[in-house]
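Data first, discussion second: the structure below is written as structure tokens.
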Amino acid sequence: MKLYNTLTHKIEEFVPMQQGKVGMYSCGPTVYSHPHIGNFRSFLVADLLKRFFEFKGFQVTHIMNITDVGHLVDDADEGADKLEEAAKKQKKDPMEIAQFYTDSFMQASKLLNIKPANKYPKATEHINEMIEIIKKLIDKGYAYVVDNNVYYNVEKFADYGKLSGNTLEELNAGARIEVNQEKTNPQDFALWKHDPKHLQQWDSPWGKGFPGWHIECSAMSSKYLGAEFDIHTGGEDNIFPHHECEIAQSEAASGKKFVHYWLHTRFLMFDGEKMSKSKGNLYTIQELVEKGFRKNAIRYSLISSHYRQNYNFTFDGLKAAQQAIDKIQQCVLRLEDLRKNAKAGEIRPELKDLSSNCLKDFDESLSDDLNISKALGVCFDFIREANKAENMNSTEAAALLDTINKIDSVLGVLEAGESEVPVNIIELAEKRKAAKLAKDWKTADAMRAQITSLGWTVEDTPGGGYRLKRAGEAG
Ligand code: AMP
Ligand code: ZN
């Protein structure tokens, strides 16, 4: 299994710290507004990676934090706290804001069939752990206190810049003139901040205050995965300053290598710009579902391009995703029907090979730094061949279905229950679709009527596809 490591700028063979196990930490949402599909592109890359490790037999421990304090508007040390700003605007308590948007994040994660992390630790519930690391950094001479604030002295950490490729000289040259006079170096960053006006305050050895953003991920990752672990993920904007600072804090405090593989997802773009909460050019998962797009199509479209390339979000892409899933689903429905109704028998060698080659090629594709386009190509080649196979017995159908299910344990796009639609209903729906395409409305209506009389409803989806539900079934 090979992965591109931002730290070394190379595609490397993945060697876990413990055989058969993977420890993975992902920077989660800052819960001051609804997460958008750009955020979810990053979260889905982590999900894809985790599912693929599980496909390969690894046991994954996955931690994703919830940032509910300390993330300032400009990502570094300046500006208002994002949570606090939202709380003031909405005239609510910051914790109420955090809970509301954490719920929104969880709901959208579920819609996208993201496998839950083992734990979603919240920054505000780990203040003591952060204080302990800050104390250690002060003791070891990496951090200093000025007027109840604690700063990290980046000059003390010789490796500062090793992840992002930034050097202190370049950073200092580009620093703003009006940098905080309390800092020894312009690039020093806050570990603990004193601000009597801040709504969220905790006691600390340096007086009342609140933590900087970066320290939370050092504290929570080491608490749940140990001071040294396998993989850390995030979006490309996390590389600097957030992850650079995490390395400086964690490695200085523990004396160990913090993370072995750093994986960063390139931005999801919209109209040529990064999709972001601050720009407001965003869509949430819930909004797209309300527009009538299927949640599995949203998932498919967000995972279907390589994580190290920007993905330009379009509605056409979403429609194409729906059509792609429909293709897989049609194949599944036929196989389900054969599995239930055909006679049992031996599996023909060519069908055995079809399955085993597909799984091997799928594995090889994703093992190549998560080459998803190649993996999807393998999947659709398999579907095409499976559709061509004639006179299939039930054992063969079951074997091919098993292959699709294994692939879908990684892709996560097939909706449970849909495969239960009887094949005669599908046939009617397909005839209706063809009639609609030919503008033969009379036949289309007749097909709909037949579907309804058999206890099913057919709904059109924006991509020109359809969705079948048992009459009276919700969702
Ligand atoms: P935030 O809620 O701002 O803390 O962001 C949560 C995660 O989403 C971080 O890992 C970001 O790097 C990532 N992210 C933010 N915007 C995008 C985007 N447009 N495309 C991909 N990832 C993003
Ligand atoms: Zn983080």
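Electrostatic bookkeeping for residue 443 treats Lys and Arg as +1 and Asp and Glu as -1; over the other residues with beta carbon under 15 Å from its beta carbon, the sum is +3. Here segment 287-411 is treated as a sphere whose radius is the Kirkwood value from Cα pairs; by Stokes-Einstein at 25 °C and 0.890 mPa s it diffuses with a coefficient of 158 µm²/s. Each Lys and Arg Cβ is given +1 and each Asp and Glu Cβ -1; about its Cα centre, segment 299-422 then shows a dipole of about 140 debye. Comparing 79, 26, 210 along the charge dipole axis of segment 2-265, the residue lying farthest to the positive side is 26, per the Cβ-charge model.
Shape annotation for segment 1-62: C-alpha extents along the principal axes are 39, 26, 16 Å, from largest to smallest. Stokes-Einstein D for segment 423-470 at 4 °C, 1.567 mPa s, Kirkwood Rh over Cα pairs, in µm²/s? D, rounded to a whole number, is 124 µm²/s. Remark on residue 235: its backbone amide H falls under 5 Å from those of 265, a criterion applied only to residues 5 or more positions apart or on other chains, H modelled at 1.01 Å from N.
Both numbers refer to the Cα atoms of segment 95-208; Rg and Dmax are 18.0, 48 Å. Taken about its Cα centre, the chain carries a charge dipole of about 1400 debye when Lys and Arg each add +1 at the Cβ and Asp and Glu each add -1 at the Cβ. The lysines within cross-link reach of residue 442, meaning a Cα-to-Cα straight distance under 17 Å and a gap of 8 or more places when in the same chain, are 431, 433.
Within 10 Å, count the other beta carbons around each residue, average over each peptide in 329-337, 448-456, and list them highest first.
With the highest mean Cβ count within 10 Å placed first, the list reads 329-337, 448-456.
Counting heavy atoms of the protein chains alone, residue 289 has an accessible area of about 50 Å² for a 1.4 Å probe.
Pairs from the table (2/56; 352/388; 91/197; 162/193) lying more than 18 angstrom apart at Cα are 162/193. The Rg/Rh ratio for segment 1-110, using Cα coordinates for both the radius of gyration and the Kirkwood hydrodynamic radius, is 1.07. Other residues within the sphere of radius under 9 Å centred on the Cβ of residue 214, judged by their own Cβ, net out at -3 (K and R +1, D and E -1).
When the solvent-accessible area of segment 2-265 is split by element, carbon and sulfur atoms take up 49 percent of it, the probe being 1.4 Å. Please name which of 69, 166, 332 has its Cα lying farthest along the dipole of the chain towards the positive end, using unit charges on Cβ (Lys, Arg +1; Asp, Glu -1) and the Cα centre as origin. Ranked along the dipole, the leading option is 332. With respect to the chain, whose longest principal axis is taken over its alpha-carbon atoms, helix 94-111 is tilted by about 30°.
Just so you know, the Cα atoms of segment 88-136 work out to an Rg and Dmax of 14.6, 41 Å. Comparing 351, 292, 410 along the charge dipole axis of segment 287-411, the residue lying farthest to the positive side is 292, per the Cβ-charge model. Between residue 457 and residue 227, full extension at 0.36 nm per residue minus the direct alpha carbon distance yields a gain of 77.4 nm.
For helix 394-411, what angle does its Cα long axis make with the longest principal axis of the chain, in degrees from 0 to 90 and rounded to 10? Helix 394-411 sits roughly 20 degrees off the main axis of the chain.
Computed from label points 7 Å out along Cα-Cβ, the spacing between residue 352 and residue 13 is 3.1 nm.
Each Lys and Arg adds +1 at its Cβ and each Asp and Glu adds -1 at its Cβ; summed about the Cα centre, segment 1-159 shows a dipole of about 820 debye.
Suppose all protein chains stay in the model; what accessible area per residue would a 1.4 Å probe give for the chain, in Å²?
Result: 44 Å² per residue.
The alpha-carbon positions of segment 347-448 define a convex hull whose volume is 124 Å³ per residue. Is segment 2-265 best put as rounded, prolate or oblate by its Cα gyration tensor, with a ≥ b ≥ c the root eigenvalues, rounded for a/c under 1.5, and otherwise prolate when a/b is larger than b/c, oblate when not? The shape class here is oblate. In whole percents, the pair-distance distribution calculated for the chain from its alpha-carbon pairs, binned every 10 Å from zero, is 4, 18, 26, 23, 14, 9, 5, 1, 0.
For the pair residue 391 and residue 309, a Förster radius of 51 Å applied to the C-beta separation gives a FRET efficiency near 0.75, rounded to the nearest 0.05. Relative to the longest principal Cα axis of the chain, at what angle does helix 127-139 sit, 0 to 90 degrees, rounded to 10? Tilt relative to the chain: about 50 degrees. At the residue level, residue 102 shows approximately 10 square angstrom of accessible surface with a 1.4 angstrom probe and all protein chains present.
Which of the three applies to segment 161-283, rounded, prolate or oblate, going by the alpha-carbon gyration tensor with a ≥ b ≥ c and a/c under 1.5 meaning rounded? It is rounded, given that a/c, with a ≥ b ≥ c, falls under 1.5. Taking 0.36 nm per residue of sequence separation and removing the Cα-Cα distance, the residue 427/residue 74 pair yields an extension gain of 121.6 nm.
The values are calculated or read from the model by the stated rules, or taken from the named source; none is laboratory data. Computed from a prediction, not measured in an experiment: that's the story for all the values here. Every residue, glycine as well, gets a Cβ built from its backbone with ideal geometry; the counts of neighbours run over all protein chains shown. When the accessible area is computed, the model is the full protein with side chains, heavy atoms only, and any ligands, DNA or RNA have been set aside. Shrake-Rupley method; radii C 1.70, N 1.55, O 1.52, S 1.80 Å.
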